[in-house]
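What follows is a single structure, written as structure tokens, with notes after it.
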Amino acid sequence: MKAAVLWDLNKELDVRDDVSLTDLGPGEVHVKIVSSGVCHSDVSAQNGTIPSGTPCVLGHEGAGIVKEVGAGVTEVAAGDPVILAFTPACRTCKACLRGQANLCETMLQMAITPHFIVDGKQMGGMTGLGTFAEEMIIPENAVVKVDPDIPLEIVSLVGCGVTTGVGAAINTAAISPGSSVAVIGCGGVGISAIQGARIAGAAEIVAVDPVESKHDLAKNFGATHAVKPDDIDGVKNDVGVGRITEEITFNAFELFYGDKTLKGSMYGGANVRVDFPRLLRLWKAGKLDLEGMITRRMPLEDVNEAFRAMQAGEVIRSVLEVGR
Ligand SMILES: [Zn+2]
Ligand SMILES: [Zn+2]
């Protein structure tokens, strides 16, 4: 089968057709990938901002069809359409039990378990997934079954960007009706955050992006204003996933006197078992535009071109049509 391998940091992905999988173990699911979104975190794994280890199959935003299940798997069966979650929700660890399934303690184990074999060498997939591949093996806890009538390219976006962005607005920031919101960056996550703010009832939504062509786009998704970073004081730095070595400084008095809060948002603070179906219901109700976020469709072989287009600010989301 085909898969896109990152052999070393800062190298282009190597799309090969001689990749195989390890044997399917108990509690695991063998999935045929149909659609994979290309997310900026894939580039962050490529350049080392997000430590993923090499070699590694990239891709963490995908949807597909269950091909086979391992012993003891009860929640899905062959033929089921599923979203792949880059953080599983085991429902038994401390993080899951206290309502932070986005930090599920089984995440690390999933991330370090190798499931791909290339040239006789075993390797893992990004975050334990690796959706830039025609097939994959992941734990049962990391798949969420979806309605068969929803197109899988729509479903795939929910695997990362949409859950992260809408979740940041609804779960992490808990935006209330009438709020004023600024969203910095109008890629897949930012556009999703704008939509989340709109769904939550924000009165003003300011989209901030250096690429001017994205300003009208952002307004189509619910932004009421759109500006370049230079037009807003204090919004002049890059944001997103930072490196371990990057530190943030801020004015301690302002934090106190403005009663300000700084919050991280991992996977939009989502519980994938609750939020994936919730987001797809919002889509079905016409309140969340997912089709409009897909700017380009391309084959797996063009993954490096998809990376270039994303970094050039040409797309909201490129979707790789991996299989059928
Ligand atoms: Zn857990
Ligand atoms: Zn992502």
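Taken over the range 98-107, the criterion of being buried (at least 18 other Cβ atoms within 10 Å of the Cβ), of a type in the set (A, V, I, L, M, F, W, C) and not in a loop (DSSP other than H, G, I, E, B) is satisfied by Ala101, Met107. Within the range 155-165, is there a residue that is at pLDDT 95 or above, within 16 Å of ligand 2 (Cβ to nearest atom) and part of a strand (DSSP E or B)? Scanning the range 155-165, I find no residue that is at pLDDT 95 or above, within 16 Å of ligand 2 (Cβ to nearest atom) and part of a strand (DSSP E or B), so the answer is no. The residues of the range 73-110 that are in contact with a strand residue (DSSP E or B) (Cβ under 9 Å, 6 or more places away or on another chain), of a type in the set (Gly, Ala, Ser) and touching a residue at least 24 places away in the same chain (Cβ under 8 Å), listed by number, are Ala85, Ala89. Scanning the range 122-132 for residues that are away from ligand 2 (no atom under 16 Å from the Cβ) and either modelled with pLDDT under 95 or of a type in the set (A, V, I, L, M, F, W, C) (or both) yields one hit, Met123. Restricted to the range 49-97, and to residues there that are within 16 Å of ligand 2 (Cβ to nearest atom), touching a Lys or Arg at 6+ places or on another chain (Cβ under 9 Å) and of a type outside the set (A, V, I, L, M, F, W, C), the residue that is nearest to Arg324 (Cα to Cα) is Glu61. Residue-level check: of (1) surrounded by fewer than 17 Cβ atoms within 10 Å (Cβ to Cβ); (2) touching a helix residue (DSSP H, G or I) at 6+ places or on another chain (Cβ under 9 Å); (3) not in a loop (DSSP other than H, G, I, E, B), Leu282 misses just (1).
The sole residue among Ala133, Ala173 that is away from ligand 1 (no atom under 16 Å from the Cβ), of a type in the set (A, V, I, L, M) and over 17 Å from the mean Cα position of the chain (by Cα) is Ala173.
Considering only the range 177-186, I want to know if a residue exists there that is within 16 Å of ligand 2 (Cβ to nearest atom), in contact (Cβ under 8 Å) with a residue 40 or more places away in the chain, surrounded by 19 or more Cβ atoms within 10 Å (Cβ to Cβ) and farther than 16 Å from Met266 by Cα. Yes, the conditions are met somewhere in the range 177-186.
Each row is one residue, and each column tells you yes or no for (1) at pLDDT below 95; (2) surrounded by 11 or more Cβ atoms within 10 Å (Cβ to Cβ); (3) among the small types (Gly, Ala, Ser); (4) not in a loop (DSSP other than H, G, I, E, B).
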site	(1), (2), (3), (4)
Pro210	yes, yes, no, no
Gly234	yes, no, yes, no
Ile248	yes, no, no, no
Phe256	yes, no, no, yes
Lys260	yes, no, no, no
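Restricted to the range 111-128, and to residues there that are touching a strand residue (DSSP E or B) at 6+ places or on another chain (Cβ under 7 Å) and of a type in the set (Val, Ile, Thr), the residue that is farthest from ligand 1 (Cβ to nearest atom) is Val118.
How many residues are within 16 Å of ligand 1 (Cβ to nearest atom) and in a loop (DSSP other than H, G, I, E, B) if we restrict to the range 57-97? Residues that pass the stated criteria total 10.
The values are calculated or read from the model by the stated rules, or taken from the named source; none is laboratory data. The model shown is predicted, which means the values in this text are computed figures rather than measured ones. All Cβ positions, glycine included, derive from the backbone under ideal geometry; neighbour counts span all protein chains shown.
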